[in-house]
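Every read-out reported here was derived from the displayed coordinates using simple, explicitly stated rules and does not represent laboratory data. Predicted, not measured: the structure shown is a model, and the values here were computed from it. Because the Cβ atoms are built from the backbone with ideal geometry, glycine has one as well, and the counts that use them run over all protein chains shown.
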Amino acid sequence: MPRGHNANDLVDNLEELGLSRYEAGAYLTMIRKGSLAASEISYYANLPRTKVYSTLKKLEKKRLSIVSQSKPLICSAIPPEEAFREIVKLYERRSKNMKKIVDRLQRITEEQRPKASEERRYYILDPNSTLEKMKSLIANSKSSVYAILDSWGIQLIIQCQLAMIKAITNGVNIRLLLANQCIGNENLQSLPEDIDLKIGNVTSNMIIIDSNNMVAVDSSNGKAALFASIDIFGLSQLRSFETEWNNALEIRQIVNMRPNIVMKANKLVKILESADIFGQISKNWDEPTSALIKSAQKLGIDIFDTGIDEMLTIIDCALRISCSGCLTHDKINNILSIRSKVGSESVSRWVLLLATYLKHVGNDPKIIRDFKLNGVEDTIHIKLSKPISTKSNEETDSD
């Protein structure tokens, strides 16, 4: 990392904007020293050599840097004013949305309160008080902690780990509904395994504890509004959360996968779970599934133009999302195995897709079914006509 107290402050500030500590250090180094080779960035930013290339790729993807295609790689930071323009606008919008949320909640309170009832108030907390209050509420929760979080909110909730562990130990159900951009966030790997994780179309930071307390946090400044004994509108917010939760995507099994892989997998899940599409697919393994291929193309996925490594990774990810399954590769016997925990119909669809793909790339598949004792098919093996070699073999073999 760039050295010095001020540099550390800037790293912390950049983390608040959604960068990891490695990304923040690399970006500051390029801002201070100009265009550098990857090895130089590793040295000046004090980054592990095993992390520098992935860090630079993430910065490029976030449009914070430019990476040349020459050897060695030369990296340059995009000027801060240009790089963070959209992020600043996003935080300004969130600040306005935060005020609208508070005003809306207050109106609901006033509308539902009888004239003779006790007035209910919310309390504004500064950033330090917000964190401490969250820790206290979570640690002392009795039944549930439900949260809607963006990438900034994840950094806040990760500081409540001990409180969450205490709550889980006491039998509290913790659900975190995350914004789409949170996929791939390094902090997700640090969350306790007993926490339920999903992603959805959310943009704010809100935490509901036991349906009695709610904390709405402004990610632009860290301040929060605390609503105690929220009663009617608390139940309304809880119902809204449950609706979003039921429509959200499960990600506990895929927190370590690349965001673009997850998005493609999610699109394929929606296609293969469509009754209309599956009704058009022939049960004859030798016939191409043109309806499925065309549907994928409409969503921006050209299956036949996808490399074998990426294709297997996408299907493995999709199986984890849709049926708690997985894809493994037995390199010794040259067999791919697709597993599902919800029965044969789900796994058969993915086998059909993969078999069509393999046949297209010149590797004729032979389907071998595997039945449980109760007769429910949950695993199908695909014997390949010739070996394949992929990066994902090592990953899937370990499942």
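Each residue in Tyr146, Tyr91, Tyr123 was given a count of other beta-carbon atoms within 10 angstrom of its own, and listing them fewest first yields Tyr123, Tyr91, Tyr146. Taking the empirical scaling 2.2 N^0.38 Å for compact globular proteins as reference, region 88-253 has a Cα radius of gyration ratio of 1.00. The GluC sites (Glu not before Pro) of region 172-263 meeting both criteria, a DSSP state outside H, G, I, E and B (loop) and at most 10 other C-beta atoms within 10 angstrom of the site's C-beta, are Glu193.
Among His381, His329, His360, sorting on how many other beta-carbon atoms sit within 10 Å of each Cβ, with the fewest leading, yields His360, His381, His329. Panel order for Ser20, Ser39, by other beta carbons found within 10 Å of each beta carbon, from fewest to most: Ser39, Ser20. Average projection, convex hull of the Cα set of region 10-150: 12.1 square nanometres.
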